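The values are calculated or read from the model by the stated rules, or taken from the named source; none is laboratory data. Since the model is a prediction, treat every value here as computed from it, not as a measurement. Positions of Cβ are backbone-derived with ideal geometry, glycine not excepted, and every protein chain shown enters the neighbour counts.
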Amino acid sequence: MGGGILTMGIPYTPLEGLYILLAASSLLVLVIILSFYKKLGIGKEFTYAIVKGGGQLVLIALFLTFLFQTNLWIFLIWILLLTMIIVGGHTSAKRATHMPHAFQITTPSILAGATTALIVLALSRAMPLQPQYIIPLAGMAFGNSMSICSLSLDRLIREIKLNRTGIESMLSLGIPSKQAMEEYNRLSIRAALIPTIDRLKTLGVIFIPGAMAGLLIAGTDPLVAAEYQIIVYLMIVGGGIITAMTVAFLARKKIFTEYDQLAEWLYKE
Amino acid sequence: MLPTFLRKTVILVPQESVMFPGTVKDNISLALRIHNINNDNKISESLTDTGLPKTFLNKKAQQLSGGEKKRVSLARALALSPTILLLDEPTTGIDPKNLHTVEQRIIRFTKQRNLTALWVTHDVSQAKRVSDRIANLKQGQITTITTPNKFQWGEAY
């Protein structure tokens, strides 16, 4: 794959892009100086975040350049996907304060939602099996599943902690844990999907989403770009629902003991 | 033994009476439905035993007073026809003028239904009023078991 394709739609080379990036950074420098001057207390963290995030993007860009040009991509892509799953699972697990081995819930949940979405995309031919399609779409699928996983797990734990006495009352009447947590599962799934559904409702009105923006910049027909964005959103919603449902299903083993009692970690504040 | 089966037979009525969403009828019938127990007779019997009128069935459970919630909580447990009832401070939140009535109701239905009740209380005079035997608990250990007549005030902690 030639370098020409990489710059398609954007009328400059990577080196020219670096100058433009430096010029565009002048606004950022101004903001950082202003934040130090105004003592907003965000200058240091902001600078760190920019350097870290920017560095990560440059590294992934270098890796992608190599990946797009090598025949080994079919092996390397698995390493990349595995990294996405592990990092996503561990990041999301941090939301579940006090829950032991939360990654045992988050990792399979993210995997279930994202891979189902990617398989559907591949089977429907919306995602040609080439690295330049697989990587960005996998990034969106795993990233979105991770957010939904974090949101649903966080909400589920909060609901269970808030309603401990109610759940104990149900359990004391011999109601199985599955039924006792049904209502809270519903709430957590719904809560986790609210941002996605809201974004879906405002698509193209408040903002032009990532995939469509990227395609427009790359010179794609706006109608095709819109169609593709809808496909991406269907994938995000479908995968997200599967992730949230898997979280609800797997979390029961961590929330309740084998004797259908609330687990001890739920009583820690 | 499966915990769900055990809890149908030995039922804990917690100190805090949390009402499930819906009506009083929904609250009492929830566990019955899950255990596949025929509903209607059980509901009316348990309601009568706890002294709640049938008009209460359609009231929103979460809008009841503390004392009423306590009775619904008892009715929920009774509807399952347990053999042992674990009562954690069952008269907390009940109006002092109704205290004696509630105590008498609990004693009456335990006798009528021939069920054992383990009644936890910090009120020694209540313990002497309602029990056949009193176990004194200190730091999680039973120190004495005696009859109300033989129970000494100094034994209570």
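When A:Ile242, A:Ile157 are checked against the criterion of being surrounded by 15 or more Cβ atoms within 10 Å (Cβ to Cβ), touching a Ser or Thr at 6+ places or on another chain (Cβ under 6 Å) and either touching a residue at least 24 places away in the same chain (Cβ under 8 Å) or part of a loop (DSSP other than H, G, I, E, B) (or both), a single residue qualifies: A:Ile242. Hey, any hits in the range B:96-112 for a residue that's outside any helix (DSSP H, G or I), surrounded by fewer than 19 Cβ atoms within 10 Å (Cβ to Cβ), away from chain A (no Cβ under 14 Å) and modelled with pLDDT under 90? No, the range B:96-112 has no match at all.
Scanning the range A:160-203 for residues that are in a helix (DSSP H, G or I), among the hydrophobic types (A, V, I, L, M, F, W, C) and within 29 Å of the chain's Cα centre (by Cα) turns up A:Ile160, A:Leu162, A:Leu187, A:Ile189, A:Ala191, A:Ala192, A:Leu193, A:Ile194, A:Ile197, A:Leu200. For the range B:26-51, a residue qualifies if it is more than 8 Å from chain A (Cβ to nearest Cβ), surrounded by fewer than 19 Cβ atoms within 10 Å (Cβ to Cβ) and over 16 Å from the mean Cα position of the chain (by Cα), and the qualifying residues are B:Asp26, B:Arg33, B:Asn36, B:Ile37, B:Asn38, B:Asn39, B:Asp40, B:Asn41, B:Ser44.
Against the test of being of a type outside the set (Phe, Trp, Tyr), at pLDDT 90 or above and more than 30 Å from A:Tyr259 (Cβ to Cβ), the options A:Ala180, A:Ala141 yield a single qualifying residue, A:Ala141.
Kindly indicate the residue of the range B:127-157 that is touching a helix residue (DSSP H, G or I) at 6+ places or on another chain (Cβ under 7 Å) and in a helix (DSSP H, G or I) and also nearest to B:Pro14 (Cα to Cα) among those meeting that condition. My answer is B:Val130.
Yes or no, residue by residue, for (1) touching a residue at least 24 places away in the same chain (Cβ under 8 Å); (2) more than 14 Å from chain B (Cβ to nearest Cβ); (3) within 30 Å of B:Val18 (Cβ to Cβ):
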site: A:Arg164; (1), (2), (3): yes, no, yes
site: A:Met170; (1), (2), (3): no, no, yes
site: A:Tyr184; (1), (2), (3): yes, no, yes
site: A:Leu187; (1), (2), (3): yes, no, yes
site: A:Leu193; (1), (2), (3): yes, yes, yes
site: A:Leu200; (1), (2), (3): yes, yes, no
site: A:Gly219; (1), (2), (3): yes, yes, no
site: A:Pro222; (1), (2), (3): no, yes, no
